[in-house]
């Protein structure tokens, strides 16, 4: 991309207001103060104190907020029609002359204003408004009026209730029909209220809004096609984007478009800006991570590399070998590694983490592995102890449930460097934990946390290399948003020898047969999971709970089998005891919540039943499915939706049964559920988006990301004069992301 051109025109300062009129000697009534961007809503014409609270519910508190309350859609343009063309229930526009008016009040006090139009070409349409007596003063006999609304037949003529109207001059030609903005609402607020308020500020404040995007960025669509081709989803051809509208024109066009094309151009401007500003924040953050502070160089010599690989004792997949090379290259630099290992279920992510940790220890550096739960931390600790048995590597576990005496002794050993690997939970982040020489931090299963949350996991006193593991395959556009500050290695291949997993979508009528199958599998020596989304049942929502399922199964279809219950409300030691009993084979059937979603590895478990599966996302269901057939025996999963579930939910669950490709499922989940629910929670670290949509606008996101990266390469801190307003917007919107100097 060529160097950024200077800003061509300086726009008026934000919040500039008109001059006050000279005083009137006759003390005429004072006019309302001129609108400014910070004017509170109650002083905006047409809103009034009663509607202020309603607007507050939409996040609108000042005049400028109205400008950026974007329409969520537009009504179809209503064509001008004659009486013979009108259809009941269909929105249309008619043009006619007022030939009669009336105003009525019922016994209940309900008022109405009626206007009868003699429609051009013949026939009549009556327009009526209820409880809006001011309408009577808006019209005069003989006026030519355009009325737009939904026509309703009265048997004799047509009627429009609460139509939108435009008064025409006697010789004025018919205007072109325009798309009508549809704004987000709350109870008690109507479209006309919002449109009126927006129009009041649009006329007065549009030119007072600063242009944050330099002209060179707004003309970025003129870049060569190959500039974005390598980053585009779905193929090598890059989409051509129109030059972006200036801010003033974009605001007018998004609220009062003359055509659908004009509205789309305005929306494109704001969609790009929203995504671009966030990608700038990520690019600036990434640059700081790479240049602010050095990390220790941890080079894996050929001898160390071969020795670590030999310890694994099994053949690595092509993807695993490539990821190890990525990590090996990163750690050999004094630039802090910030890499995400994103892998499908069973793809062997922990192998990459083990390689990185052993590489650090071989270079006399300490390593820390942090898991989101104590249960998973203990799993990692046990597995590492087994795999490193006989070595001189000292591994310890730091979790909240150890005694104070054990904790004090362990902290002392960590501080003097006699502990090589520390496995724990977020207890590792305590100020009391001081490392002698921390060279690597591995964060496991942090796919539900975004940029700022990860930043909180790293303290300024530490400058180690960082490796983040995510077991949930994430669509590319989401990964570029919540992991936009990380390098990414992807594991798609599964290690050889893994057995096939068969997935079925079951109905309520088939449950009895399925439980018979579970019993046969357990009696043949295998083990089984039964999973529900909640600990307790919710009768109102018709959700079954793990506690109730446990009771039903122990006295019902699975009576006689050794069954245990596991859920997140249990304390750490109890959960570990339950899991140990299942791992050893003492427990045959484990009834659990989604606490077993990640990290649980019991090769003998081959059967899984998932109840109320319609309450879970595809990605989460795929994670649960990954807990079975981790050995050589084939696996069987049956997902049951609650009775009467919508057909589209069954269609969604059928996708799970049709493929075991986690990346394909993640894309399907994104299309069906949207990014907010993708990872099973509304809080996955995504920035709040006012107008952009990560599904619909994936190509714009990729385009914005590439431009942001180019700009930060040239101007890492946006210090050039042409970037001053852009930097202010990045700081205001995403300052927390940029200012926290490290990633976790």
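Here the gap between residue 325 and residue 642, fully extended at 0.36 nm per residue and compared with their Cα-Cα distance, gives a gain of 109.5 nm.
Enter the angle in degrees (range 0 to 90, nearest 10) between the Cα long axis of helix 698-714 and the first principal axis of the Cα atoms of the chain, meaning the one along which they spread out most. Rounded to the nearest ten degrees, it is 80.
The spread of Cα positions in the range 60-114, taken along each principal axis and listed from longest to shortest, comes to 41, 36, 22 Å.
When only alpha carbons are used to place a centre, the range 176-192 and the range 694-736 end up 32 Å from one another. Only DSSP H runs of four or more residues enter the estimate; each adds -39500 (n - 2.57), and after division by the residues of the chain the mean residue ellipticity at 222 nm equals -10500 deg cm²/dmol. Shape call for the range 537-591 from the C-alpha gyration tensor, a ≥ b ≥ c root eigenvalues: rounded (a/c under 1.5), prolate (a/b greater than b/c) or oblate? The shape class here is oblate. Helix 191-205 and the longest principal axis of the Cα set of the chain meet at an angle near 80°.
Protection proxy ranking of 198-206, 341-349, 305-313, 718-726, by the mean of other Cβ atoms within 10 Å over each peptide's residues and highest first, is 341-349, 198-206, 718-726, 305-313.
Taking other C-beta atoms within 10 Å as the exposure proxy, 373, 418 rank 418, 373 from fewest upward. Note on the chain: Kirkwood radius taken over Cα pairs, Stokes-Einstein applied at 10 °C and 1.306 mPa s, translational D equal to 52 µm² s⁻¹.
Computed from the alpha carbon atoms alone, the convex hull of the range 78-177 holds 99 Å³ per residue.
Packing around the peptides 650-657, 374-381, taken as the average count of other Cβ atoms within 10 Å per residue, puts them in this order, highest first: 374-381, 650-657. Working from label points 7 Å from Cα in the Cα-to-Cβ sense, the residue 154 to residue 391 distance is 8.7 nm. Exposure proxy ranking for 489, 111, based on other Cβ atoms within 10 angstrom of each Cβ and starting from the fewest, stands as 111, 489. Seen against the Cα atoms of the chain and their longest principal axis, helix 404-416 is set at about 90 degrees. Treating r as the C-beta distance of residue 586 and residue 57 and R0 as 51 Å, the FRET efficiency rounds to 0.40. When both the range 132-164 and the range 373-434 are represented by their alpha-carbon centers, they are found 76 Å apart. Between residue 191 and residue 724, the simple label model (points 7 Å from Cα in the Cβ direction) yields a spacing of 4.3 nm. Here the Kirkwood formula puts the hydrodynamic radius of the range 501-677 at 16.4 Å, using every distinct Cα pair. Note on residue 166 and residue 87: their simple-model spin labels are 2.3 nm apart, each label 7 Å out from Cα toward Cβ. Relative contact order, whole percent, for the chain stands at 14, derived from Cα pairs under 8 Å and 6 or more residues apart.
Taking the average, over residues, of other Cβ atoms within 10 Å as the packing measure, peptides 398-406, 662-670 rank 662-670, 398-406 from highest down.
Can you tell me, using C-alpha contacts under 8 Å and at least 6 residues apart, the relative contact order of the range 501-677 as a whole percent?
This gives 28 percent for the range 501-677.
Once C-alpha pairs closer than 8 Å and six or more residues apart are averaged by separation and normalised to the residue number of the range 364-452, the relative contact order reads 48 percent. Could you list log10 I(q)/I(0) for the range 288-444 at q = 0.12 Å⁻¹, which the Debye formula gives when each Cα is one point scatterer? Summing over Cα pairs of the range 288-444 leads to -0.51.
Readers should treat all values here as calculations from the given coordinates under stated rules, not as data from a laboratory. Only a predicted model underlies this, so the values are computations on that prediction, with no experimental measurement involved. A quick note on method: Cβ atoms are made from the backbone with ideal geometry, for glycine too, and the neighbour counts reach across all protein chains shown.
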